Amino acid sequence: MEESARTTDIPVIDTDVHEMIGNPLEFLQYVDEPWRSRIHPDNWMGISIPYSWPTTGGLARPDANPGNGYRAGSDLGLMQRQHLDEFGIGKAVLTGLLYPSEFKTQPEFACGIAKAYNDWLISNWLEKDPRLLGSVCVAAQKPEEAAREIDRIGQHPQIVQVILPVISHDVLGREHYHPVYAAAQRNDLAVGFHQGATVETAVGLPPYYIEWHTAIEQAWQSQLIGLVVHGVFDKFPDLRVAMIESSWTWLPHLMWRFDHNYRSLRREIPWVTRLPSDIIRERVKFTTQPMEIAENPEHLLQTFDMVGNDEFLMFSSDYPHWDFDSPTRALPTSFSPELRRKIFHDNAASFYGIEV
């Protein structure tokens with residue numbers, strides 16, 4: 001896995017890069033009242049995962065720490081040197097880590113934070129580097145308000161998707177949330193699902209981080225099933241969905257089981273008129289990180305045959321986190337140059353409508 005993505009002349013599109021708030025006082029400038037006066041910069045920076053640091057560097061690569069007391073991912077210059085320039089990243093989709101949709105209290109406050117974050121993102125990141133593409137931050141607890149926020153900034157030329165956390169306490173495919181998908185579709189934006197701090201496994205929060213980190217893919221599976229079952233793809237025929245940082249080798253099994261149950265139980269959901277696997281194959285993309293490394297690389301290649309195409313997977317690095325996947329090492333040598341180009345560039349370019 002030593003071949004560099006740059007040596008193949010592929011303009012890499014990275015679909016999961018985390019920009020972070022550095023100085024909280026700078027972010028507060030974008031927060032409207034009455035919410036600004038309710039935030040104390042010393043004790044509120046969103047939601048954090050409930051585990052202690054799992055690695056010596058915390059949740060980030062130690063070398064991504066800017067050294068000024070702020071969090072990794074908060075320094076644009078360091079991100080440019082260390083990632084965008086180093087690996088020839090043509091475009092990087094910013095996915096953040098502050099997701100007001102997972103706030104369980106004060107939904108109006110969540111809406112205020114979402115608006116502030118979007119303004120901060122545009123001013124401090126998108127306007128400073130044309131390689132950066134943005135994700136609209138929303139508070140899905142109030143779907144109509146979230147839709148208005150999507151309409152407010154959804155036509156910005158560097159905004160390419162709406163970001164939602166894979167929460168564990170509700171099904172985001174339910175009709176209650178459909179205004180969010182309607183707004184994404186009319187603004188020609190994808191919807192990306194990423195893990196947040198509140199996501200739990202089938203047994204809640206297990207005692208150890210390694211258990212949680214291994215089992216949280218269950219949340220993406222549940223949300224994907226919900227999107228299909230509640231008719232989101234039928235109701236919004238142009239909607240595109242990305243499952244980000246979910247892993248992807250579980251997809252064939254889910255498609256097989258889903259189709260089997262659909263054939264037996266489809267009278268319960270008559271509004272879904274096609275096999276779930278066909279819907280997923282046509283409308284849903286996945287990202288590479290965390291890249292599973294099989295002892296036999298040919299087994300990973302077989303996954304593409306089981307899914308039914310080689311267009312469902314897009315490269316992601318998860319910069320600047322501890323399990324960052326470098327473009328030079330992420331894909332096994334068993335992947336052909338054609339497949340590598342699709343993963344590194346073509347699939348994401350088509351999905352997001354990106355020209356590099």
Item checked: Residues within the range 277-303 that are outside any loop (DSSP other than H, G, I, E, B) and modelled with pLDDT of 95 or more, tallied -> 11
Next item on the list: Please go through the range 242-273 and pick out each residue that is part of a loop (DSSP other than H, G, I, E, B) and in contact (Cβ under 8 Å) with a residue 12 or more places away in the chain.
Entry: ILE244, GLU245, SER246, SER247, TRP248, THR249, TRP250, ILE269, TRP271, VAL272, THR273
Next item on the list: Check off (1) at pLDDT below 95; (2) in a helix (DSSP H, G or I) for ILE167 and give me the number that stays unchecked.
Entry: (2)
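A quick yes/no check of all residues on (1) over 20 Å from ILE13 (Cα atoms); (2) touching a helix residue (DSSP H, G or I) at 6+ places or on another chain (Cβ under 9 Å); (3) among the hydroxyl-bearing types (Ser, Thr, Tyr):
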{"site": "LYS115", "(1), (2), (3)": "yes, yes, no"}
{"site": "SER123", "(1), (2), (3)": "yes, no, yes"}
{"site": "ASP129", "(1), (2), (3)": "no, yes, no"}
{"site": "GLU144", "(1), (2), (3)": "yes, yes, no"}
{"site": "VAL166", "(1), (2), (3)": "yes, yes, no"}
{"site": "HIS178", "(1), (2), (3)": "yes, yes, no"}
{"site": "GLY192", "(1), (2), (3)": "no, no, no"}
{"site": "GLU200", "(1), (2), (3)": "yes, yes, no"}
Notebook entry, point to check: Among all residue pairs at least 6 apart or on different chains, which show Cβ distances below 7 Å where the first residue, located in the range 274-294, is in contact (Cβ under 8 Å) with a residue 24 or more places away in the chain and more than 23 Å from ASN261 (Cα to Cα) and the second is among the β-branched types (Val, Ile, Thr) and surrounded by fewer than 23 Cβ atoms within 10 Å (Cβ to Cβ)?
Noted result: GLU292/THR249
Notebook entry, point to check: What number of residues within the range 213-241 satisfy the criterion of being crowded, with 21+ Cβ neighbours inside 10 Å, part of a helix (DSSP H, G or I) and over 17 Å from the mean Cα position of the chain (by Cα)?
Noted result: 3
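I want to confirm something. Restricting to the range 156-198 and keeping residues that are hydrophobic (A, V, I, L, M, F, W, C) and without any contact (Cβ under 8 Å) to a residue 40 or more places away in the chain, which single residue is farthest from PHE236 (Cα to Cα)?
Here is the first cut: in the range 156-198, the ones hydrophobic (A, V, I, L, M, F, W, C) are 159-160, 162-164, 166-167, 171-172, 180, 182-184, 189-191, 193, 197.
Right, trim to without any contact (Cβ under 8 Å) to a residue 40 or more places away in the chain and you get 159, 162, 183.
Working: ILE159: 20, VAL162: 15, ALA183: 10 Å.
By that ranking, first place goes to ILE159.
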Check: Consider ILE210 against the criteria (1) at pLDDT 95 or above; (2) over 27 Å from GLU268 (Cα atoms); (3) in a helix (DSSP H, G or I); (4) of a type outside the set (Asp, Glu): it satisfies all of them except one. Which criterion is unmet?
Finding: (1)
Next item on the list: State all residues of the range 266-310 that are among the aliphatic types (A, V, I, L, M) and more than 20 Å from the chain's Cα centre (by Cα); if no residue qualifies, say none.
Entry: ILE269, VAL272, LEU275, ILE293, ALA294, LEU300, LEU301, MET306, VAL307
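Does the range 75-103 hold any residues that are assigned to a loop (DSSP other than H, G, I, E, B) and either touching a residue at least 60 places away in the same chain (Cβ under 8 Å) or acidic (Asp, Glu) (or both), and which are they? Even if it seems obvious, please write down each step before you answer.
So in the range 75-103, the residues assigned to a loop (DSSP other than H, G, I, E, B) come out as 75, 86-88, 95-99, 103.
Correct list: ASP75, GLU86, PHE87, GLY88, THR95, GLY96, LEU97, LEU98, TYR99.
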Check: Here are ALA110, ALA140: which of them is buried (at least 22 other Cβ atoms within 10 Å of the Cβ), within 24 Å of ARG71 (Cβ to Cβ) and touching a helix residue (DSSP H, G or I) at 6+ places or on another chain (Cβ under 7 Å)?
Finding: ALA110
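Quick one: is ALA92 modelled with pLDDT of 95 or more and buried (at least 24 other Cβ atoms within 10 Å of the Cβ)? Break it down stepwise before answering.
On the way: modelled with pLDDT of 95 or more: yes; buried (at least 24 other Cβ atoms within 10 Å of the Cβ): yes.
For ALA92, the condition - modelled with pLDDT of 95 or more and buried (at least 24 other Cβ atoms within 10 Å of the Cβ) - is met.
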Note to self: Whether any residue in the range 117-135 is modelled with pLDDT of 95 or more, under 25 Å from PRO50 (Cβ atoms) and part of a helix (DSSP H, G or I) is what I want to check.
What the structure shows: yes
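The values are calculated or read from the model by the stated rules, or taken from the named source; none is laboratory data. Predicted, not measured: the structure shown is a model, and the values here were computed from it. Every residue, glycine among them, receives a Cβ derived from its backbone with ideal geometry; neighbour counts consider all protein chains shown.
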